[in-house]
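Any read-out appearing in this document is the output of simple, stated calculations on the displayed coordinates, not a laboratory observation. Bear in mind that the values here come from a model prediction, so they are computed numbers and not experimental data. Here the Cβ is made from the backbone with ideal geometry for all residues, glycine too, and neighbour counts use every protein chain on show.
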Amino acid sequence: CAGCHDGSLDPDLRAANAYDALVPDYVTAGDAENSVFFQRLPGKSHPPVGGISLTDNEITTIEEWINRGALE
């Protein structure tokens with residue numbers, strides 16, 4: 001994702017910025033289904049860009065992280 005969201009496209013998902021860029025504006029801690037970030041994951045409901053899609057396991061891992069409170 002950081003390939004496109006590299007500071008020139010919001011949110012800035014470069015490693016040093018990703019957490020602060022996502023939480024709380026795009027991630028609703030404890031509620032993955034209502035988190036914009038989760039809804040837009042490539043491979044979930046958002047079409048893959050540049051052939052990049054997340055696996056079911058990766059999507060589940062992100063969902064669990066958000067539902068557990070999206071801790072840094």
Quick one: net charge of CYS4's neighbours, Cβ under 13 Å, K/R +1, D/E -1?
-1
Per DSSP helix of 4 or more residues, -39500 (n - 2.57); summed, then divided by the residues of the chain. What does that give at 222 nm, rounded to the nearest 500?
-7500 deg cm²/dmol
Per residue, what volume in Å³ does the convex hull of the Cα atoms of the chain enclose?
80 Å³
Under 8 Å for C-alpha pairs, at least 6 residues apart: give me the relative contact order for the chain, rounded to a whole percent.
24 percent
